[in-house]
Amino acid sequence: MDWISAPSGPLRGELAVPGDKSVSHRAVMLAALADGASRIRGFLEGEDTRATAAVFARMGVRVEAPSPGERIVHGVGLHGLAAPERPLDCGNSGTGMRLLAGLLAGQAFDAELVGDASLSRRPMGRVIEPLTAMGASIETEPGGLPPLRIRGGRRLHGIAYAPPVASAQVKSAVLLAGLYAGGETAVRELRPTRDYTERMLGAFGWPVACGPGWARLAGGGGRLRATDVEVPADFSSAAFFIVAATLVPGSELRLRRVGLHPRRTGLLAALRRMGADIREDDPREEGGEPVADLIVRHAPLTGIDLPEALVADMIDEFPALFVAAAAARGSTTIRGADELRVKESDRIAVMAHGLRTLGVRVEERPDGAAIEGGAIGPGEVDSAGDHRCAMAFAVAGLLARGPVRVGNCSNVATSFPGFIDLANGCGFALRTMVDN
Ligand code: S3P
């Protein structure tokens with residue numbers, strides 16, 4: 001499916017983006033392994049998180065959906081999952097596959113995890129290596145690629161692990177395997193990453209000692225107690241509206257109840273350095289998460305040298321930042337972001353190529369890019385099936401001198417169902433292309 005995004009006038013109004021993807025995945029996983037029923041509110045109705053819920057349904061967990069964005073998960077206990085009869089499909093989701101690998105490594109049964117074409121190209125060695133060190137047995141395709149064939153009935157033992165990449169997914173996979181491992185499991189990170197797994201384990205009654213960049217738990221006995229989870233709005237989905245309202249003259253948007261986990265909000269810091277006008281209104285805590293309404297007003301941006309220390313805290317926001325940089329005055333340089341090459345697409349290559357097609361000067365580097373702000377032209381770009389690149393190019397279209405056609409947009413439904421309607425509701429001129 002292709003989109004056409006056309007230049008538009010000011011963006012105005014108030015909107016709530018869907019629930020957080022990271023929190024939704026973890027809520028279903030821990031609720032499924034808990035004793036008793038947990039209610040999840042604000043659950044992301046995206047393809048990724050629905051795939052994770054479906055994986056647990058395949059293993060005998062009853063998951064009710066009484067209304068959109070709501071799930072009641074009838075947990076079966078830590079050892080209550082049933083052996084799946086067929087491979088478990090994680091769809092497009094790296095989070096789903098990597099966290100499930102940890103959680104399934106300690107089960108009594110065999111399981112196979114598969115994914116779509118993009119996920120089947122993503123590196124799984126980063127979780128297989130520590131899980132194998134814990135005693136797991138996982139076979140992959142050559143190069144550590146999916147499918148993952150996980151052998152059950154292994155006796156796991158805790159490890160102290162320092163992942164070579166800053167990755168919440170790797171940390172989480174190790175900690176989830178640690179629930180089933182004898183002794184203590186500890187992770188120490190290169191840079192602190194989002195700690196939803198640690199804190200949600202605590203909320204489900206499993207003691208976890210943690211601080212910025214480290215976490216430790218004792219496994220091999222214990223239970224998770226059902227609890228209700230409130231999922232905040234996903235900062236990474238809000239990011240496209242934050243950048244759009246900043247860039248389009250005359251705009252003012254209020255984004256409601258946005259999750260502002262400090263390890264997720266690096267984009268706010270980056271945009272503020274560039275001159276953005278973003279105010280946090282009514283900051284509060286909901287379900288243990290910091291949330292606030294964000295009020296974003298148009299402001300002219302100036303390019304920056306992005307501090308490397310911000311990279312991990314905005315790892316999902318680079319497609320949006322590329323567009324902000326393209327519309328800023330002067331140049332923006334990004335370094336230390338080589339992880340972008342192994343996301344849902346090679347995001348450095350996809351964004352650099354697309355923006356160049358629109359007439360923006362972008363120099364691609366192995367671990368980042370140098371982007372020279374200037375006029376954005378009309379044209380045709382390919383999102384390479386990457387949801388976040390598709391939405392970022394839609395934002396570029398608002399500012400272009402003519403319509404931008406964005407190819408391959410159907411995966412936007414993995415993280416942001418309803419994006420087009422919400423976008424049009426506040427002033428985007430965005431539509432799907434119907435081929436005759
Ligand atoms: C996620 C962690 C990040 C992020 C992904 C979601 C998570 O990946 O890019 O979208 O929910 O743990 P890495 O931890 O591999 O950087």
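Read the figures in this text as sums done on the coordinates, not as results from a lab. Here the structure is a predicted model, which is why all the values come from computation and not from measurement. So basically every Cβ, Gly included, is an ideal-geometry build from the backbone, and we count neighbours across all protein chains shown.
Here are some notes:
- Once backbone amide H atoms are built at 1.01 Å from N, D116 has G91, N92, S93 as its partners under 5 Å, excluding neighbours fewer than 5 places away on the same chain.
- Rounded to the nearest 20 debye, dipole of the chain from Cβ charges on Lys, Arg, Asp, Glu: 480 debye
- Taking the three principal axes of the alpha carbon atoms in the stretch 198-252, the coordinate ranges are 57, 26, 12 Å, sorted in descending order.
- For G75, neighbours were defined as the other residues whose beta-carbon sits under 13 Å from its Cβ, and their charges (Lys and Arg +1, Asp and Glu -1) total +2.
- D_trans [Stokes-Einstein, Kirkwood Rh over alpha-carbon pairs] for the stretch 21-230, 37 °C, 0.692 mPa s, µm² s⁻¹: 198 µm²/s
- For the stretch 99-171, fraction of C-alpha pairs farther apart than 15 Å, in %: 51 percent
- For C210, net neighbour charge (Lys/Arg +1, Asp/Glu -1) across residues whose Cβ lies under 14 Å away: +2
- The residue among G158, A177, G102 whose Cα reaches farthest toward the positive pole of the charge dipole of the stretch 21-230, with charges on the beta-carbon of Lys, Arg, Asp and Glu, is G158.
- The HN-Hα couplings worked out from phi for the stretch 146-152 by the Karplus form 6.51 cos²θ - 1.76 cosθ + 1.60 (θ = phi - 60°) are x, x, 9, 9, 9, 7, x Hz, whole numbers, x standing for Gly and Pro.
- Whole-number Å³ per residue for the convex hull built on Cα positions in the chain: 127 Å³
- The charge dipole of the stretch 21-230, taken about its Cα centre with unit charges on the Cβ atoms of Lys, Arg (+1), Asp and Glu (-1) only, comes to about 340 debye.
- Put simply, the amide H of G13, placed in the peptide plane, has neighbours under 5 Å in E252, R254, leaving out anything fewer than 5 places away on its chain.
- Cβ-Cβ distance of A117 and T432, R₀ of 30 Å, FRET efficiency by 1/(1 + (r/R0)^6): the value works out to about 0.90.
- Legend: translational diffusion of the stretch 147-295 by Stokes-Einstein, Rh = Kirkwood radius over C-alpha pairs, 25 °C, 0.890 mPa s; D = 140 µm²/s.
- Across the options G91, P262, S137, the greatest Cα extent toward the positive end of the charge dipole of the chain (unit charges at beta carbon of Lys, Arg, Asp, Glu) belongs to S137.
- Taking the inverse of the mean reciprocal distance over all distinct Cα pairs, the Kirkwood hydrodynamic radius of the stretch 288-436 comes to 15.8 Å.
- The residue among A400, P366, N424 whose Cα reaches farthest toward the positive pole of the charge dipole of the stretch 329-436, with charges on the beta-carbon of Lys, Arg, Asp and Glu, is A400.
- For D277, the residues whose amide H sits under 5 Å from its own are R297, A299, ignoring neighbours fewer than 5 places away on the same chain, with H placed 1.01 Å from N.
- Each other residue within a Cβ distance under 10 Å of S172 adds +1 if Lys or Arg and -1 if Asp or Glu, for a net charge of +2.
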